[in-house]
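Working notes, structure below.
Where a number appears in this text, it was derived from the coordinates with a stated rule and is not lab data. Everything quoted here is computed from the prediction, not taken from an experiment. Don't worry about glycine lacking a Cβ; one is built from the backbone with ideal geometry, like all the others, and counts go over all protein chains shown.
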Amino acid sequence: MILIRDVFLSIAVLLSLSVFAQEQMTFSSELNKTRYQSLVEELRCPKCQNQNLADSGSGIAVDLRELVHQMIEQGKTDQEIVDYMVARYGSFVLYRPQHSTATFLLWYGPFILLGIGLLAFVVVVMANRKRRGRDL
């Protein structure tokens, strides 16, 4: 019984320490804080792959959040920050890839496949109607 209590107490202490371990950033304006939140939610963590910078606890995500904060406070625009991240880590860091020839199939492939499927469906239905008309 004492062992279980000690385990729960240890977990509680560790959780409370993790809250204090989060970076506390100060912003020169409320607009900068809003821009920061927007950017770290739109940029993907290069290590975690399925998490944005805001949700990731990896070391690189912490460093990139700090870098985004510094760049915002230096007066960089959102596009300059995104361009820097893409130049450094590739377009993988974008949750919404840019429209380009390289991402054409990513954006429009599902619609193309849907169109092909509908065309094939119409052709099969028309062929079946013609065959049934001849059989009667």
Query - Cα lying deepest toward the dipole's positive end in segment 43-136, options Leu119, Leu105, Asn52, charges on Cβ - result: Leu119
Requested in this report: Kindly rank 73-83, 37-47, 97-107 from highest to lowest mean number of other beta carbons found within 10 Å of each residue.
Outcome: 37-47, 73-83, 97-107
Query - Karplus-derived 3J(HN,Hα), 6.51/-1.76/1.60, for each residue of segment 26-35, Hz, glycine and proline x - result: 10, 10, 6, 8, 5, 4, 5, 5, 5, 4
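How much length is gained if the chain between Ala54 and Tyr89 is pulled fully straight, taking 0.36 nm per residue apart and subtracting their Cα-Cα distance, in nm to one decimal?
10.9 nm
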